[in-house]
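Take a look at the structure below.
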Amino acid sequence: MTEDNSSRADDDSGYPRPAYAWTAVILLTVAYALSLLDRWVLTLLVHPIQESLGIGDTAMGLLMGPIFALVYVLSGLPFGWLADRFNRRNLVAGAISFWSLMTVMSGFTRSFFQLAVCRFGIGFGEAALTPSATSLISDLFPRRKVNAAIGVFDLGIYAGMGLSYLIGGALLAWATAHHASIMGGSLEPWQIVFVMVGAPGILISLALLAVVREPPRHNRGRQASASMKACFAHIGRHKRALVPLAVGMGTVALFGYAFTWLPTMFNRVWGWETQDFSIWYGTILLVMGPLGTVSGGLIANRLYAKGYKDAPFRVLSVSLPVLVIVGGTAALWPNPWMTIGALAVSAYFSSMSTSTGIASVVFATPAQYRGRVLALYTMTNAMIGTLIGPTGVGLLNDTVFTSDEGIKWSLTVILLTAGGVLTALLLTGRKGYARAVEELEASDAAA
């Protein structure tokens, strides 16, 4: 890229004022945090739900993973198509309202089937968020600033997961103590928690409608078609980059969903109460998650400024293997405090991998395909993570490692074997990724 073309690509004209753009990012980040809160609070409720509904570990694994993921995966591409054509702000606002309502309704379920239906609904609503919000953010900032903005948005993942432990644990303790005085004791403590964590989403949806406007779309390339056929043709041309990226990033989803068993593991292996584990792990996620996402974005921005056009993928190629090694062995430490330390390191590199993975997709995808490619990316790694992670651990708990301490071996086997294979696959895409980014930047410069 020539100096003139580089200046054109980094021109701030046509983009909204930074204060407004960052306000929009903050609102979207809060929405992302709420989506993870609504999704992950279930991990703290395993024991009371099992007692109430009479279900085993495999059934709980299905609720935490595939039952949610099935509709999440199947809805992703249609929502990506909508994000490439229609008002993304409105899509996000509607999605927030829907999944929040489904979370509230989870608090009124009385059977495994009813809870499964609500989990389907949560997955459907949340499927709209990532492609629409990430595409919207990419049009609020010039290219050189996108890494940092996406890094902030990805703070929502770890803020939401952290809050699900901190807030969820506190709410569970409070509801256990006071549930008899709420609605005449007709709701059990775990049901009260669902109602309370779902309600705030409606307010965020209204705030988004009041504050954020749909931005114009930038960097569409010269005379490029936005059809589905053209989108898949683009993916086909760059399959050596995009397929390893989407499949390999299933590693992060695998760890995230397998770690839904952590509260149960700490209880069975070391006798920790759910509320005690929630305080420690929630704090880890709230501290290390933001550090990882922000530092990942800043490192990628610095590499990009030095001329490395594949900057986010370079960062990802380091952070993901570290996650597999440290996180995959975290359950084997001889005492809970050493495991807590390993989980802190894992959270840092997991969040760094998440932010640079999404940024890698943005950097290699023209704007007219971005929503659909992001949806396919999210669908692919979410499907891998949710199918293998929670269900795999639950199945091994019930059939192979059946003692109380067996859960730590279930986690280790799943994380090291599947995570290692997926990460190795991701690393095969580095050269193809560099070529995809060079082609896109040349097209943008010529437009």
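Brief remarks follow.
- Residues (in contact (Cβ under 8 Å) with a residue 12 or more places away in the chain and open to solvent by less than 20 Å² (accessible area, probe 1.4 Å)) located in segment 382-406: Ala382, Gly385, Thr386, Gly389, Pro390, Gly392, Val393, Gly394, Asn397
The rows are residues; the columns are (1) more than 20 Å from Leu395 (Cα to Cα); (2) of a type in the set (Phe, Trp, Tyr); (3) surrounded by fewer than 24 Cβ atoms within 10 Å (Cβ to Cβ).
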site: Gly248; (1), (2), (3): yes, no, no
site: Thr251; (1), (2), (3): no, no, no
site: Gln275; (1), (2), (3): yes, no, yes
site: Ser278; (1), (2), (3): yes, no, no
site: Thr293; (1), (2), (3): yes, no, no
site: Ala300; (1), (2), (3): yes, no, no
site: Tyr308; (1), (2), (3): yes, yes, yes
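- Whichever residue in segment 149-168 is within 28 Å of Glu441 (Cβ to Cβ) and open to solvent by 30 Å² or more (accessible area, probe 1.4 Å) and, among such residues, is modelled with the lowest pLDDT: Leu155
- Only residues that are among the hydroxyl-bearing types (Ser, Thr, Tyr), modelled with pLDDT under 80 and either in contact with a Pro (Cβ under 8 Å, 6 or more places away or on another chain) or closer than 30 Å to Gly168 by Cα (or both) were counted across segment 1-40, and they come to 1.
- Residue match in segment 343-363 (condition: within 23 Å of Val46 (Cα to Cα), among the polar types (S, T, N, Q), within 12 Å of the chain's Cα centre (by Cα) and open to solvent by less than 10 Å² (accessible area, probe 1.4 Å)): no
Conditions tested, residue by residue: (1) under 22 Å from the mean Cα position of the chain (by Cα); (2) open to solvent by less than 20 Å² (accessible area, probe 1.4 Å).
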residue: Ala170; (1), (2): no, no
residue: Ser186; (1), (2): no, no
residue: Trp190; (1), (2): no, yes
residue: Leu203; (1), (2): yes, no
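- Scanning segment 66-86 for residues that are open to solvent by 50 Å² or more (accessible area, probe 1.4 Å) and not in a helix (DSSP H, G or I) gives Arg85, Phe86.
- Filter result (among the small types (Gly, Ala, Ser) and either open to solvent by 30 Å² or more (accessible area, probe 1.4 Å) or over 14 Å from Gly357 (Cα atoms) (or both)) within segment 419-433: Gly419, Gly420, Ala424, Gly432
- Looking only at segment 42-62, and only at residues there that are part of a helix (DSSP H, G or I) and modelled with pLDDT of 85 or more, the one that is nearest to Ala253 (Cα to Cα): Leu42
- Put simply, of Ala436, Ala375, Ala382 the only residue that is in contact with a Leu (Cβ under 6 Å, 6 or more places away or on another chain) and over 30 Å from Trp270 (Cβ atoms) is Ala375.
- Filter result for Val41 (among the β-branched types (Val, Ile, Thr), in contact (Cβ under 8 Å) with a residue 40 or more places away in the chain and over 30 Å from Asp398 (Cα atoms)): no
- Qualifying residue in segment 89-101 (condition: of a type in the set (Phe, Trp, Tyr), modelled with pLDDT of 90 or more and open to solvent by 40 Å² or more (accessible area, probe 1.4 Å)): yes
- Ile55 under 30 Å from Thr402 (Cα atoms), open to solvent by 10 Å² or more (accessible area, probe 1.4 Å) and in contact (Cβ under 8 Å) with a residue 24 or more places away in the chain: yes
- Members of segment 10-32 found to be open to solvent by 10 Å² or more (accessible area, probe 1.4 Å) and part of a helix (DSSP H, G or I), listed by number: Pro18, Ala19, Tyr20, Trp22, Thr23, Ile26, Leu27, Thr29, Val30, Tyr32
The values are calculated or read from the model by the stated rules, or taken from the named source; none is laboratory data. Here the structure is a predicted model, which means the values were calculated and not measured. Every residue, glycine among them, receives a Cβ derived from its backbone with ideal geometry; neighbour counts consider all protein chains shown. We work out accessible area using only protein heavy atoms, side chains counted, and drop any ligands, DNA or RNA first. Shrake-Rupley method; radii C 1.70, N 1.55, O 1.52, S 1.80 Å.
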